[in-house]
Amino acid sequence: MRYLLIIIIVSIFSECQNITQKNIGNKDVYDTSKIFYSNGVIKSLEIYCNGKLQDSARYYFPNGKIERKVLYKNGVMNGRSFNYYPNGNVLEIICANLGDIDTLYFYSEQGILAREILYKNGKSILDTTFSK
């Protein structure tokens with residue numbers, strides 16, 4: 001009885017995590033991790049392949065709106081990833097190629113492109129700020 005009470009208290013005051021594991025053939029092991037806020041709203045959804053982040057990971061604000069979408073390949077960012085304002089508009093787009101950032105785009109809360117930064121070999125080569 002005491003252990004049941006402890007489990008209930010811990011689940012109320014902490015985030016919940018749900019992990020599903022699937023073995024596809026004899027080659028790759030895929031895991032799905034879902035973490036929830038204490039109010040039951042999903043906080044994050046991540047897919048792993050052989051222990052490394054793979055495909056699209058999604059992160060949410062406490063109200064359930066999308067906060068971030070990140071694409072992964074073998075545990076590193078790959079492709080376009082998005083960060084969002086609480087109002088749902090895009091805050092930032094990150095373009096990466098196997099972990100190396102190529103371009104960052106920053107937007108105003110109204111959805112207008114405000115800044116673009118181009119990278120080469122991990123260093124900023126062009127930083128453009130757009131007027132309103």
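Which one is surrounded by the most Cβ atoms within 10 Å (Cβ to Cβ), of the residues in the range 102-126 that are under 18 Å from residue 69 (Cα atoms) and either basic (Lys, Arg) or free of Cβ contacts under 8 Å to residues at least 24 places away in the same chain (or both)?
Looking at residues that are under 18 Å from residue 69 (Cα atoms) and either basic (Lys, Arg) or free of Cβ contacts under 8 Å to residues at least 24 places away in the same chain (or both), I get 107.
Could you run through the range 63-89 and say how many residues are surrounded by fewer than 17 Cβ atoms within 10 Å (Cβ to Cβ) and more than 29 Å from residue 50 (Cβ to Cβ)?
7
Could you list, in sequence order, the residues of the range 55-88 that are closer than 14 Å to residue 44 by Cβ and of a type in the set (Val, Ile, Thr)?
Hits for the range 55-88 are 66, 70.
Against the conditions (1) modelled with pLDDT under 95; (2) part of a strand (DSSP E or B), where does residue 110 fall short? Just the number, please.
Only one criterion in (1) modelled with pLDDT under 95; (2) part of a strand (DSSP E or B) is unmet by residue 110, namely (2).
Which condition from (1) modelled with pLDDT under 90; (2) under 30 Å from residue 98 (Cα atoms); (3) surrounded by 13 or more Cβ atoms within 10 Å (Cβ to Cβ) is the one that residue 21 breaks?
Only one criterion in (1) modelled with pLDDT under 90; (2) under 30 Å from residue 98 (Cα atoms); (3) surrounded by 13 or more Cβ atoms within 10 Å (Cβ to Cβ) is unmet by residue 21, namely (3).
The values are calculated or read from the model by the stated rules, or taken from the named source; none is laboratory data. None of the values given here were measured: they were computed from a predicted structure. Note that each Cβ is placed from the backbone with ideal geometry, even for glycine, and that neighbours are counted across all protein chains shown.
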